[in-house]
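Remarks on the structure that follows.
The values are calculated or read from the model by the stated rules, or taken from the named source; none is laboratory data. Here the structure is a predicted model, which means the values were calculated and not measured. All Cβ positions, glycine included, derive from the backbone under ideal geometry; neighbour counts span all protein chains shown.
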Amino acid sequence: MKNLGNLMKQAQQMQEKMGEMQAKMAEMEATGASGGGMLTVTLNGKLELKKVKIDKALVDPEDVEVLEDLIVAAFNDAKGKVEVTMQEEMSRLTGGLNLPPGFKLPF
């Protein structure tokens, strides 16, 4: 029973740390860029779009598709940065637990 008590205590500590990490991640921001930096988007840790900046040189009413593609590319760049940061934080939080590939926390 002593081991079960320790396991429950560790699970509670992990849950508390997870909540702290989620709050920290929600406050973080990542900026993605495309078009050689002429278009940038900023996301928070919840992957919510917070800011878009477009250089005026990219605005061409005759070629909207290029602008649309650049927005998508910048968003995906920022999203990738958020995901990498989340993975790093999760790895640090789990302290080297050998979790199976594809296992994601929180559940």
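Before moving on, here are some points about what is shown:
- In segment 31-55, the qualifying residues are those that are aliphatic (A, V, I, L, M) and touching a residue at least 24 places away in the same chain (Cβ under 8 Å), and the one that is surrounded by the most Cβ atoms within 10 Å (Cβ to Cβ) is 41.
- Unmet criterion (only one of (1) part of a loop (DSSP other than H, G, I, E, B); (2) at pLDDT 95 or above; (3) among the charged types (D, E, K, R)) for residue 53: (1)
- Any pair with Cβ under 6 angstrom, 6 or more apart, that starts in segment 1-21 at a residue that is in a helix (DSSP H, G or I) and ends at one that is surrounded by 10 or more Cβ atoms within 10 Å (Cβ to Cβ) and of a type in the set (Asp, Glu): 21/89
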